[in-house]
Amino acid sequence: MQRREGLAKLTGRERYVDDLPLENFLWGMTVRSPAPRGRITAVRFGKDVDWSEFVIVDHRDIPGPNEILLIERDQPVLAASHVRHVHEAVLLVAHTSREMARRAAQAVEIVVVPEPAALDFRVAPRPEQIQYGADNVLKRLKIEKGDVERALAHAPVVVEGAYETGAQEHVYLETQGMIAWLEEDVLVVKGSMQCPYYVLNALQHALRRDERRVRVIQAPTGGGFGGKEEYPSTIALHAALLALKARRPVKLVYDRSEDMAATTKRHPALVRHRTGLTEDGRLLAQDIEVILDGGAYVTLSPVVLSRGIIHAAGPYACDHVRIAGRAMFSNAVPFGAFRGFGAPQTLFACERHMDVIARTLRMDPVELRRKNLIRDGQRTATGQVIQDGTDRVAVLERALALSTFEEKRRAHTAFNAAQRSKRRGIGLATFYHGAGFTGGGEVHLNSRLRVAGLPDGRIEVLSANIEMGQGTLTVFTQIAAERLGVTPDDVVIGEPDTARVPNSGPTVASRTTMVVGHLIERAVDDLRTRVGLDDRARGSVVKDAIAHWYAAHPGGRLVGEAVYEAPPGISWDEQRYQGDAYGAFAWAAYVAEVEVDLRTCATRVIDFVAVQEVGKVINPTLARGQVQGGVVQGVGWALMEECKFKDGAMVNNQLTNYLIPTSDDVPPIRVAFVENPYPHGAQGAKGLGELPIDGPAPAILNAVAAATGTEPRAIPLTPERLMDLTR
Amino acid sequence: MSTVQVVFTLNGAAVSLDLDPAERLLDTLRYRLGLTGTKEGCGEGECGACTVYLDGLPVNSCLVPTYQVRGARVESVEAIAAERLGPFLAQGATQCGACTPGVVMTALWIGAHPELLETHTIRELMAGNLCRCTGYDGIVDAVNTALGHGEPPV
């Protein structure tokens, strides 16, 4: 099936938040902190502005607690007395003219008496820099399996390494934006978001409104990648506060530079490995330390850390594993959800380290992985028994065959000997990604989904899960249509509007197709039961039964429902961090071929092969596109995307100097799927969205290592960084 | 604020506007004329989401003061016939859709000028349109499929 809303997007008819018609509204603007930490002593309004024309909001206008509801409640909606990072929101202004609002925002001076800021998450804070708990540690987590110290002490070989990854900006092409207005006494907020119910909960909390007086609607969303998971609660609150005070609709849409400066980014990370092995390369012990920069508020850092450490040991079997993780407070813009959610950082370290190990042992990195890839019946670091029937070595072999790995390796030896200034290399990464919320997360979410019959016999899927480019509308349509044996035209996907749809959970964590799609199947079954049919009834029989039901129940409403149920046999111990971390893992092997110019130290990816096992592929075109897009985002993270920080603020907050890959920076991404249907996912699907960003960075750096004989250990591997290694 | 009168042809029809001489063509299209198909991605000419044709050439409308198009011919994505876009749908050239109208404008312009491919690759010619979702393969495949006819975009 082709993308359902595709033609509307291609013709420009799709209306995103900034495209929606709006009458008699004000443009909102945000006034932000100039300092990374300090006490606000004054707010000065410039003399050249007629302030009577403006609606102005500060923390005193917040009806409820000045808190953005998330895991913790440490982040204010608007800073009151203290600021904790540059660009923290302090004040809001609104005016009928966007330009006037912009100039007015610039005419406000926030006077801050600076206090000592914590700006390097890698070093222990000095006492005067401590702002969270006793040591600025936002969250500590540990996984222990076996006896690592003892195993390391007896290991014939121990290899150590430290690996660093930088922040990454999402660069969804549509910047963040919200509009807010009042309908009678109901506050309506509509905008670009991944999680309507997160926004709803945040609005209810800080505005002290019950759910009947708040309504959140997702507008078509131009990319998210996690950047529109938690941040939209902030901008929604800001738009709502202005609208409540102005008693008029307010539009708050960031321009690119504000979006890049003020919103979350991928957590920078430092990961240290100490690995014990036999001389022939069998893993005996993995001792891993993971440190994340959390930024100035807790946001989602504890769960990013959780996913990060769970993936840190890689897709390998090892009896003795210790993974200690901590997320640090710093006075940087808060880091948040970004596709992969901690796993890309730790898998970069793990997979780069595997090649360092191979070189130390004078062993083929392919053979090292073949030897250690987890087999069915073996246990992960959390003790989860892998028993899904996937042949992970076969996934690797397929990637090697498609990329002609061995031939290229030989060809590179000849190429590199003949060339003066060019070097070629090939590298790989084997990895995995857990789908859905971690541990008991899906049970805790308790997602609920409805499918309504319509009087004409069609059905409408009512879910809070959103389309942001990844294909929800299309895949949900396919899942419902296939289950009922009807055509895609018989399926309507309802607008994610909290006044109409139940809370089927956030659109994150590679869960939408696998988890929520499966709820659609069960809700459809429930609907069929309610019209007196069993699961074998398909097509016009079902449509006719729905239409007859409405004829027999005037004014009635036919609804099928499903609530999440954990797959059988899943158990998770949150205290000990042991058990089944995820219902299912997707498995992958990626191969990158690079060419390095020794004069400029520029690295170019010249071929890329991505092989993965994601259960059943429901829509091959969309699935391939997800992988290709994720890989290219990973190429950017690996080689060029560098957030430059000063006082914890991104200073290259423009697409002029924060570079993402263009079509000319990447080769065709060659994608292949190995299919092994997962019995508890929709049509046998597992999660796919995040997996593709885990593999490119280590595969590319392993290729650079092979090409140049250096051991790069930090990304982005910019020409400057590589120059330091090669000269 | 002093305004100036600007007359130009937009999607085949004459337009006359009184506006601030510094107003961007992008804002004129979107906020004054309600043609919201043209998107703002960066506001500084890097991403290509706001691509329109100015006298038949693709330009970033965020960098063009509307005053400069007086007497000129402007076409926006709204002028593109939907029937032309089948290959883009089939190849997965659109995901989130925010870059898509700009991509379509550049792609159809390349299709209208097949001689460009004697000196440039599709990847080089599309490099002014950033896309964060597709990894570009869907776009390049669509341009490939749609190529070779030399048809004008509009």
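A short reminder: the numbers here are calculations on the coordinates, not readings from a lab. Just so it is clear, the structure is predicted and the values come from calculations on it, not from any experiment. FYI the Cβ positions are ideal-geometry reconstructions off the backbone, even for glycines, and counts take in every protein chain you see.
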#### Entry: Integer Hz, Karplus 6.51/-1.76/1.60 couplings in order for the stretch A:22-31, x for Gly and Pro
8, 9, 6, 10, 10, 8, x, 9, 10, 9
### Task
Quick one: net charge around B:GLN68, please, counting Lys, Arg +1 and Asp, Glu -1 for every other residue with C-beta under 15 Å from its C-beta.
-1
## Note on the structure
The distance between the Cα centres of the stretch B:127-154 and the stretch A:459-512, in whole Å, is 29 Å
## Note on the structure
For the protein assembly as shown, the charge dipole (Cβ of Lys, Arg +1; Cβ of Asp, Glu -1; about the Cα centre) points to a positive end, and the Cα of B:CYS50, A:PRO344, A:ALA151 closest to that extreme belongs to A:ALA151
### Query
Quick one: helix B:100-112 against the long Cα principal axis of chain B, what's the angle to the nearest 10°, folded into 0 to 90?
70 degrees
### Query
For the residue pair A:ARG272 and A:ARG557, what label-to-label distance in nm results when each label sits 7 Å from Cα along the Cα-to-beta-carbon direction?
5.8 nm
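Where a ≥ b ≥ c are the square roots of the eigenvalues of the C-alpha gyration tensor, would you call chain A rounded, which needs a/c under 1.5, or, failing that, prolate if a/b is larger than b/c, or oblate? Don't jump to the answer; show the numbers that get you there.
Working: a/c = 1.72, a/b = 1.16, b/c = 1.48.
Oblate.
Which FRET efficiency, nearest 0.05, do A:ILE130 and A:ALA153 yield, Cβ-Cβ r, R0 45 Å?
Values: r = 35 Å, r/R0 = 0.78.
It comes to 0.80.
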### Query
Calculated FRET efficiency, B:LEU116 and B:ALA82, Cβ-Cβ r, R0 41 Å, to nearest 0.05?
0.95
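Summing Lys, Arg as +1 and Asp, Glu as -1, what charge do residues with Cβ under 15 Å from the Cβ of A:GLY532 carry, A:GLY532 excluded? Write down the numbers at each step before the final one.
Numbers: positive: A:ARG528, A:ARG530, A:ARG536, A:ARG538, A:LYS543; negative: A:ASP525, A:ASP526, A:ASP534, A:ASP535, A:ASP544.
Combined, the nearby Lys, Arg, Asp and Glu give 0.
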### Summary
Among A:LYS47/A:LYS245; A:LYS142/A:LYS686; A:LYS142/A:LYS408, the pairs whose Cα-Cα distance exceeds 29 Å are A:LYS142/A:LYS408
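Summing Lys, Arg as +1 and Asp, Glu as -1, what charge do residues with Cβ under 10 Å from the Cβ of B:ALA90 carry, B:ALA90 excluded?
Working: positive: A:ARG3; negative: B:ASP141.
With Lys, Arg at +1 and Asp, Glu at -1, the net is 0.
Quantify how strongly other chains surround peptide B:138-144 by giving the mean number of their Cβ atoms within 10 Å of each of its Cβ atoms. Each step should come with its number before you reach the end.
Details: counts 6, 1, 2, 1, 1, 1, 0.
Mean inter-chain Cβ contacts per residue within 10 Å come to 2.
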### Query
Which angle between 0 and 90 degrees, to the nearest 10, do you get for helix B:137-146 versus the longest principal axis of chain B when only C-alpha atoms count?
90 degrees
### Query
Averaged over B:83-95, how many beta carbons belonging to a partner chain fall within 10 Å of each residue's beta carbon?
6
### Task
Show the residues, 5+ positions off or on another chain, whose built amide H is closer than 5 Å to the amide H of A:ALA714.
A:GLU164
#### Entry: Amide H contacts under 5 Å for A:VAL674, placed H, 5+ residues apart
A:GLN612, A:GLU613, A:VAL614
## Note on the structure
The pairs in A:LYS9/A:LYS228; A:LYS9/A:LYS616; A:LYS9/A:LYS251; A:LYS139/A:LYS190; A:LYS190/B:LYS39 lying past 24 Å Cα-Cα in this model are A:LYS9/A:LYS616; A:LYS139/A:LYS190
#### Entry: Length-normalised contact order of chain A in % [C-alpha pairs under 8 Å, at least 6 apart]
15 percent
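To the nearest 0.05, how large is the calculated FRET efficiency for A:VAL43 and A:ARG212 if R₀ is 35 Å and r is the Cβ-Cβ distance?
Values: r = 35 Å, r/R0 = 1.00.
Rounded to the nearest 0.05, the efficiency is 0.50.
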### Query
Can you work out ³J(HN,Hα) from phi for every residue in the stretch B:80-91, in order, using Karplus 6.51 cos²θ - 1.76 cosθ + 1.60 and θ = phi - 60°, giving whole Hz and x for Gly and Pro?
7, 6, 4, 5, 6, 9, x, x, 5, 6, 5, 8
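Considering only DSSP beta bridges whose two residues both sit in chain A, what percent are antiparallel, to the nearest 5? If you can, show how the numbers build up before the last one.
Working: 96 of 124 bridges.
That works out to approximately 75 percent antiparallel.
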### Query
In whole Å, how far is the Cα centre of the stretch A:134-189 from that of the stretch A:663-727?
19 Å
### Summary
So the compactness index of the stretch A:1-152, its C-alpha Rg divided by 2.2 N^0.38 Å, takes the value 1.52
### Query
How many nm separate the modelled label positions at B:ASP55 and A:ALA602, each set 7 Å beyond the Cα in the direction of the Cβ?
3.2 nm
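Output the relative contact order of the stretch A:441-563, whole-number percent, from Cα pairs under 8 angstrom with separation of 6+ residues. Please report the intermediate quantities before stating the final value.
Numbers: 218 pairs, mean separation 47.3, N = 123.
Here the relative contact order equals 38 percent.
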### Task
Any chance you could check the Cα centroid distance between the stretch A:236-302 and the stretch A:1-65 for me, in angstrom?
22 Å
### Task
Please check which bits of the stretch A:294-324 a label hung off A:GLU164 would reach, taking the label as a point 7 Å along Cα-to-C-beta and the cut-off as backbone N under 16 Å.
A:294
